[in-house]
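Structure first, then comments.
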Ligand code: F3S
């Protein structure tokens with residue numbers, strides 16, 4: 001692989017231990033995937049922030065890098081396993097909290113912004129069209145590639161961190177035009193009437209196309225929330241990193257000539273929703289996978305006005321969206337119902353099984369997928385149904 005003089009210096013250890021280690025990771029990755037060279041990135045989103053996923057080995061790795069490593073580009077963090085300020089209110093135990101705070105301290109020393117959100121594009125880290133980035137949150141990867149037109153592979157924790165500490169990533173995969181072309185055409189034959197319909201469609205299509213690039217035809221319009229939840233679902237049931245949507249996403253004019261076609265029907269929509277429903281009495285309700293937009297927070301506030309929640313209800317969002325919610329008066333409405341904001345974290349990366357919750361209602365197919373993998377029963381509902389469930393008295 002061709003390296004510049006500066007990159008050679010990093011690889012030789014002239015710029016310190018952490019940079020050398022990171023460059024070794026990137027060169028090894030580049031060789032595996034046949035990259036000709038590295039490319040500079042403008043931002044990094046690091047996944048692997050929850051202590052639940054990282055464990056003690058992860059803390060050791062981060063501490064080692066933090067001895068002399070520093071982020072060279074804007075670096076934001078995925079959600080942690082708890083709210084960094086309100087973890088006691090969430091019922092998180094001290095042992096877990098102390099470990100989680102060590103993880104955050106290491107990232108801070110490495111120069112990352114302690115943003116702790118999976119929607120960095122709603123919290124100030126918004127790349128531009130065609131910019132190369134190295135993002136490690138699968139839902140944000142799909143959103144950035146597809147909706148914004150930026151360029152990133154699905155980075156793992158170590159490769160994203162390596163990109164942060166060197167400012168580079170290997171030039172392969174979705175950084176190259178030829179890999180961004182549609183490989184499947186999805187003919188949508190049912191009106192999509194809510195973000196939950198988009199989420200279910202993403203779950204269905206991800207299972208079919210695996211790591212392909214679907215091109216959606218027949219979708220009239222899509223909101224930010226529709227595209228956000230579609231991105232997450234595609235990346236959870238499959239390995240999708242990018243999609244196109246006719247008339248909506250910026251590279252959709254490529255068309256889907258020659259791609260295999262699948263249909264998405266009203267039967268597929270209903271079956272997928274049924275598949276994401278395990279039944280059972282709900283004891284935990286959570287909205288915000290991916291983290292809520294301000295529009296979603298506004299809707300929740302409107303639905304909760306004058307009502308009281310009867311079971312644990314989390315609204316997961318970034319600190320930035322929470323700040324805007326505070327300013328707009330939505331926070332007061334939500335919290336006076338007994339519902340809680342969960343900033344910095346989410347229902348999947350927090351240790352909810354240790355908190356004793358067994359049946360979770362949510363409006364995200366991605367959350368259902370991972371919660372179920374973690375041993376919970378799930379109920380996939382619309383946002384309105386989730387609020388009704390959270391305030392049900394019988
Ligand atoms: Fe975000 Fe957690 Fe869902 S990190 S995409 S809210 S699983």
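Might you check whether a residue that is part of a loop (DSSP other than H, G, I, E, B) and in contact with a helix residue (DSSP H, G or I) (Cβ under 7 Å, 6 or more places away or on another chain) occurs anywhere in segment 284-307? Give the derivation first.
First, pick out the residues of segment 284-307 that are part of a loop (DSSP other than H, G, I, E, B): 293, 305-307.
Applying the additional criterion that residues be in contact with a helix residue (DSSP H, G or I) (Cβ under 7 Å, 6 or more places away or on another chain) yields 293, 305.
Scanning segment 284-307 turns up at least one residue that is part of a loop (DSSP other than H, G, I, E, B) and in contact with a helix residue (DSSP H, G or I) (Cβ under 7 Å, 6 or more places away or on another chain).
Could you go through segment 335-342 and let me know if any residue there is away from the ligand (no atom under 12 Å from the Cβ), surrounded by fewer than 19 Cβ atoms within 10 Å (Cβ to Cβ) and assigned to a helix (DSSP H, G or I).
Looking through segment 335-342, at least one residue is away from the ligand (no atom under 12 Å from the Cβ), surrounded by fewer than 19 Cβ atoms within 10 Å (Cβ to Cβ) and assigned to a helix (DSSP H, G or I).
Which condition number does residue 313 fail, the rest of (1) within 13 Å of the ligand (Cβ to nearest atom); (2) buried (at least 24 other Cβ atoms within 10 Å of the Cβ); (3) within 24 Å of residue 196 (Cβ to Cβ) being met?
Result: residue 313 passes all but (1).
Would segment 65-79 turn up any residue that is within 16 Å of the ligand (Cβ to nearest atom), modelled with pLDDT of 95 or more and part of a loop (DSSP other than H, G, I, E, B)?
To start, the set of residues in segment 65-79 that are within 16 Å of the ligand (Cβ to nearest atom) comprises 76-79.
If we keep only those that are modelled with pLDDT of 95 or more as well, we get 76-79.
If we keep only those that are part of a loop (DSSP other than H, G, I, E, B) as well, we get 78-79.
Yes.
When you go through 215, 198 one by one, which is the residue that is touching a helix residue (DSSP H, G or I) at 6+ places or on another chain (Cβ under 8 Å) and either in contact (Cβ under 8 Å) with a residue 40 or more places away in the chain or in a loop (DSSP other than H, G, I, E, B) (or both)?
215
Listed here are the residues, each with its yes/no results for (1) surrounded by fewer than 24 Cβ atoms within 10 Å (Cβ to Cβ); (2) over 21 Å from residue 15 (Cα atoms).
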| position | (1), (2) |
| --- | --- |
| 39 | yes, no |
| 42 | yes, no |
| 45 | no, yes |
| 57 | yes, yes |
| 63 | yes, no |
| 68 | yes, no |
| 79 | no, yes |
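Does residue 346 satisfy the condition of being part of a loop (DSSP other than H, G, I, E, B), touching a strand residue (DSSP E or B) at 6+ places or on another chain (Cβ under 7 Å) and closer than 21 Å to residue 225 by Cβ?
Numbers: part of a loop (DSSP other than H, G, I, E, B): yes; touching a strand residue (DSSP E or B) at 6+ places or on another chain (Cβ under 7 Å): yes; closer than 21 Å to residue 225 by Cβ: yes.
Yes; evaluated as a whole, the condition is true for this residue.
Being outside any helix (DSSP H, G or I), touching a strand residue (DSSP E or B) at 6+ places or on another chain (Cβ under 6 Å) and under 16 Å from residue 52 (Cβ atoms) is the filter here, so list the residues in segment 361-387 that pass it.
Residue satisfying the conditions is 376 alone.
The values are calculated or read from the model by the stated rules, or taken from the named source; none is laboratory data. None of these values were measured; they are calculated from a predicted model. Glycine gets a Cβ as well: all are built from the backbone with ideal geometry, and neighbour counts include every protein chain shown.
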